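In what follows, a structure is listed as structure tokens, so that the remarks can point back to it.
The values are calculated or read from the model by the stated rules, or taken from the named source; none is laboratory data. In this text the structure is predicted, and so the values were computed from the model without any measurement. Here the Cβ is made from the backbone with ideal geometry for all residues, glycine too, and neighbour counts use every protein chain on show.
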Amino acid sequence: MEKKKITLKNGEVISYVDQGEGQKTIVLIHGNFSSSLHFTPLLSRLPKDVRVIAPDLRGYGDSSYFRRISSLAELANDVHLFMEALNIQEAFVVGWSLGGGVALELAANHPKDVLKLVLINSTTHRGYPVFKKNELGQPLVGQAYESADELGKDKIQVVPLLEAQKNHNFAIMSYIFDVTIYTVGKPSVEDNTLWVEESLKQKNLIDADWALANLNMSDIHNFYNAGTQNINKIKCPVLHTWGTKDIVVPEYMVKENVKALEKISTLIVYENCGHSPLVDVPDQLTKDILNFINH
């Protein structure tokens, strides 16, 4: 699948997939350890009379990483500038995992950009915590890291993935995905090869983990900060999906999002589905997204 490139007002060069034509536009925002190409199962199923655009976020895939990030709001602003550069006034926005956090920030900070929001197994709006560890490698709940560089030395949640990316270790990255993301369905050898290679291109792992830990759009302290209360700015309809076998994003995270956006939310739970409905239930996911967008 061919990628195009465009330079944003802030100087970052964003690589992206652009398919289909039509009055409706869908923007797909990928998660951590991934890129636009992880949406291949969705891209191959969505109708060609809808324009579908999937960027590689700053620091991922083939996009640039000229300036370090410290928040998902910065990635959301990149998506806003990306839409602006492509002259897209408004779109249906789909975010998977970390991409759900980016999509939430986009809907809060740039509400005119987002017609409706789809959150696929998304991180909570209160962040994805990374806590200090004891001698046994167990998390010391409530003990936050002081900086991104300190968090980058976390031997359990950060260092193994960082080393795999630095050393371009395909086997280790593939194994990590197999036991965390693809716990139900397994991608084809061809897809797995593509997706692992894309994940190894990531240039911002430490900063992305720091941004995830610091994400807090609520009014309740999450051990990293007091919160922005930006979740209250979201007014568009929101579809949340979650898989019962997801071991990356626990159920409470999705329920936190649903509760915070209760009046505008719809929740769909997929039985026997892990962190990637894109692999486990692609036909049903596509059907549910289109149904939500069209009604």
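Which members of region 138-159 meet the condition of being touching a strand residue (DSSP E or B) at 6+ places or on another chain (Cβ under 9 Å), part of a loop (DSSP other than H, G, I, E, B) and loosely packed, with under 15 Cβ neighbours inside 10 Å?
The answer is 155, 156.
Among the residues of region 240-263, is any in contact (Cβ under 8 Å) with a residue 40 or more places away in the chain, touching a Gly at 6+ places or on another chain (Cβ under 6 Å) and surrounded by 23 or more Cβ atoms within 10 Å (Cβ to Cβ)?
Yes: region 240-263 contains one or more residues that are in contact (Cβ under 8 Å) with a residue 40 or more places away in the chain, touching a Gly at 6+ places or on another chain (Cβ under 6 Å) and surrounded by 23 or more Cβ atoms within 10 Å (Cβ to Cβ).
Out of the helices (runs of 4 or more DSSP H) lying entirely within region 18-126, which hold 2 or more residues that are modelled with pLDDT under 95 and under 27 Å from residue 269 (Cα atoms)?
Filter on region 18-126 gives an empty set.
Run down 216, 222 and say which single residue is under 18 Å from residue 97 (Cα atoms), polar (S, T, N, Q), part of a loop (DSSP other than H, G, I, E, B) and touching a residue at least 40 places away in the same chain (Cβ under 8 Å).
Of 216, 222, the one residue that is under 18 Å from residue 97 (Cα atoms), polar (S, T, N, Q), part of a loop (DSSP other than H, G, I, E, B) and touching a residue at least 40 places away in the same chain (Cβ under 8 Å) is 216.
Residue-wise test of (1) within 24 Å of residue 109 (Cβ to Cβ); (2) at pLDDT 95 or above; (3) β-branched (Val, Ile, Thr).
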| position | (1), (2), (3) |
| --- | --- |
| 128 | yes, no, no |
| 141 | no, no, yes |
| 146 | no, yes, no |
| 171 | no, yes, no |
| 182 | no, yes, no |
| 187 | no, yes, no |
| 191 | no, yes, no |
| 219 | yes, yes, no |
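Listed here are the residues, each with its yes/no results for (1) assigned to a loop (DSSP other than H, G, I, E, B); (2) within 20 Å of residue 123 (Cβ to Cβ); (3) of a type in the set (D, E, K, R).
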{"site": "161", "(1), (2), (3)": "no, yes, no"}
{"site": "168", "(1), (2), (3)": "yes, no, no"}
{"site": "172", "(1), (2), (3)": "no, no, no"}
{"site": "177", "(1), (2), (3)": "no, yes, no"}
{"site": "191", "(1), (2), (3)": "no, no, yes"}
{"site": "194", "(1), (2), (3)": "no, no, no"}
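Can we say residue 195 is aromatic (Phe, Trp, Tyr) and within 23 Å of residue 42 (Cα to Cα)?
yes
Looking at region 7-17 only, could you name the residues that are crowded, with 16+ Cβ neighbours inside 10 Å and either of a type in the set (Gly, Ala, Ser) or not in a loop (DSSP other than H, G, I, E, B) (or both)?
The answer is 14, 15, 16, 17.
With touching a residue at least 40 places away in the same chain (Cβ under 8 Å), farther than 14 Å from residue 289 by Cβ and buried (at least 24 other Cβ atoms within 10 Å of the Cβ) as the only criterion, which of 56, 62 stands out?
Of the residues listed, the single one that is touching a residue at least 40 places away in the same chain (Cβ under 8 Å), farther than 14 Å from residue 289 by Cβ and buried (at least 24 other Cβ atoms within 10 Å of the Cβ) is 56.
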